[in-house]
Amino acid sequence: MSLNAGYKSPWLNEELEILQGAVAKFYEREFQPHVERWEDQGCVDRDAWLKAGEAGILCASIKEEYGGGGGNFAHEMVIAEEQGRAGISGFGNSVHSGIVAHYVQSYGTEEQKKKWLPKMASGEIVGAIAMTEPGTGSDLQGVKTTAKKVGNQYVVNGQKTFITNGQQANLICVVAKTDPAGGAKGTSLIMVETDEAEGFRRGRNLKKMGQKAQDTSELFFDEVKVPTSNLLGTEEGKGFFQLMQQLPQERLIIAVNACVAMEMALKYTTDYVKERTAFGQRILDFQNTQFKLAECKTEATIARVFVDDCAVKLLDGKLDATTAAMAKWWTTQKENEIIDTCLQFFGGYGYMMEYPIAKLYTNARIQKIYGGTNEIMKMLVARTL
Ligand SMILES: Cc1cc2nc3c(=O)[nH]c(=O)nc-3n(C[C@H](O)[C@H](O)[C@H](O)COP(=O)(O)OP(=O)(O)OC[C@H]3O[C@@H](n4cnc5c(N)ncnc54)[C@H](O)[C@@H]3O)c2cc1C
């Protein structure tokens, strides 16, 4: 939905508009018919990844020489936005293409890029990033998983939880301590290829309040041996630096998803209040409805304009971590507030999962938590005061 007639994202050009149309059609044709079944089974079908790969939806911003689409963050945004508009919350492409593939492209050796990226682009490999552990999430320095170098191998031991794509991933970027006494400087990213990893075990596909078609899992590493060439990059102890470098992009993707969710909530609600009547008039004709929705539309517009500005900066290599943190916490906070306000106008129907507003509501809650909680975002902003 266009928020205001005449407003167009400054980064959106003709080529991207064509992509937008093609991606929307792909999701409508290939994914939408399966969404309910995927929600029931707790994950998308494995071949959804292959179909997306064939359609050029995976790794759109990875270089062509590594099998990617050769685009930039704008391409990822278009693809993520259309996924949100189509109501497909379960397909973990933002993590796969927007995060894991970029870790490999940014820090991987030539050999690593050539080995993994083409298969990530085709969907043969599904990527995941495993930072969070049962005992630590926000305080990443507290990770207990270790990767001990023994000869030409790392031996990985530990446990991760809440890992997106955890049931399907076969390339997992694991945050581990290569030097447990070294604090942040002792942290490295170890790429675990699960198909070859003895001692690797997937735990439960966790039952969530929303995003039900998204597999979110526990992972266990028990003496898992990987070659030392699976250290991401060439030097141990760079994990924290690598994570920090990618955070603005990761947080902006969450903010983009928040904008789409707000816009969809407004669209569904505006349509509904024009149809539904009470006391002899449309719900929209009550001044309360008009004022509340006017407030929602104003805030959703502010969010969009801010996120667009962040996107332009990111495309220019100038998005700083503080601004990205502002975008993440504020847009996800507004997303939750606006969807809650909108849901109210549906009355009891808003509580029924067959109404898209109910799904938006349950899907939105996690946005304030993952990708760094909103409290952590405010801490980052506060440090600059
Ligand atoms: C659906 C889903 C998908 C996820 N996907 C992934 C994934 O793919 N990979 C991955 O690694 N992780 C993933 N996560 C984990 C997610 O990133 C963490 O849950 C999140 O970072 C918070 O960590 P925690 O749950 O351990 O909470 P905690 O760190 O225990 O925090 C608990 C509460 O304390 C607050 N708090 C903590 N420290 C401070 C502080 N210094 N000041 C003020 N308040 C503070 C937090 O804001 C929060 O409100 C996912 C989680 C979910 C639910």
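Results, tabulated for the structure shown:
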{"item": "Cut-off under 5 Å, modelled amide H: who pairs with Gln153 long-range", "result": "Thr228"}
{"item": "Dipole of region 337-385, positive direction: furthest Cα of Ile338, Ala358, Asn374, with charges on the beta-carbon", "result": "Asn374"}
{"item": "Over region 62-213 - Rg/Rh using Cα atoms and the Kirkwood inverse-distance radius", "result": "0.97"}
{"item": "Long-range HN-HN contacts of Arg276 with modeled amide H, under 5 Å", "result": "Ile283"}
{"item": "Cβ charges +1 (Lys, Arg) and -1 (Asp, Glu), total dipole of region 327-370, debye", "result": "200"}
{"item": "Lys359 - accessible surface, heavy atoms, 1.4 Å probe, Å² rounded to 10", "result": "50"}
{"item": "The chain: DSSP helices with Cα axial extent of at least 15 Å and average Kyte-Doolittle hydropathy no lower than 0.0", "result": "14-26, 239-275, 287-315"}
{"item": "Eligible aspartates and glutamates near Lys318 by straight Cα distance, threshold 18 Å, same-chain separation 8 or greater", "result": "Glu76, Glu250, Asp308, Asp309"}
{"item": "Interchain or long-range residues, amide H under 5 Å from Gly69's placed H", "result": "Ala60, Ser61, Ile62"}
{"item": "Under the Karplus curve 6.51 cos²θ - 1.76 cosθ + 1.60, θ = phi - 60°, whole-Hz ³J(HN,Hα) for region 180-194, x wherever Gly or Pro sits", "result": "x, 8, x, x, 4, 6, x, 9, 9, 9, 10, 8, 9, 8, 5"}
{"item": "Accessible area per residue, Å², region 174-236 with all protein chains present, probe 1.4 Å", "result": "47"}
{"item": "Helical mean residue ellipticity (222 nm; -39500 (n - 2.57) per DSSP H run of 4+; nearest 500) of the chain", "result": "-14500 deg cm²/dmol"}
{"item": "Sequence-distant lysines (8 or more away, or on other chains) whose Cα lies within less than 25 Å of Lys177", "result": "Lys113, Lys115, Lys144, Lys148, Lys149, Lys160, Lys185, Lys225, Lys238"}
{"item": "Glu354 accessible area, assembled protein chains, probe 1.4 Å, Å²", "result": "150"}
{"item": "Selection from Leu50, Val156, Gly135 lying farthest towards where the dipole of region 36-173 points positive, charges on Cβ", "result": "Val156"}
{"item": "The chain, accessible surface, carbon-and-sulfur percent (1.4 angstrom probe)", "result": "52"}
{"item": "Per-residue HN-Hα couplings for region 170-179 [Karplus 6.51, -1.76, 1.60; θ = phi - 60°; Hz; x = Gly/Pro]", "result": "10, 9, 10, 8, 9, 7, 9, 8, 8, 9"}
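The values are calculated or read from the model by the stated rules, or taken from the named source; none is laboratory data. What you see is a predicted model, and the numbers here were worked out from it, not measured in a lab. Please note: Cβ atoms are built from the backbone with ideal geometry, for glycine as well, and neighbour counts cover all protein chains shown. These accessible areas exclude ligands, DNA and RNA; they are computed on the full protein's heavy atoms, side chains included. Shrake-Rupley method; radii C 1.70, N 1.55, O 1.52, S 1.80 Å.
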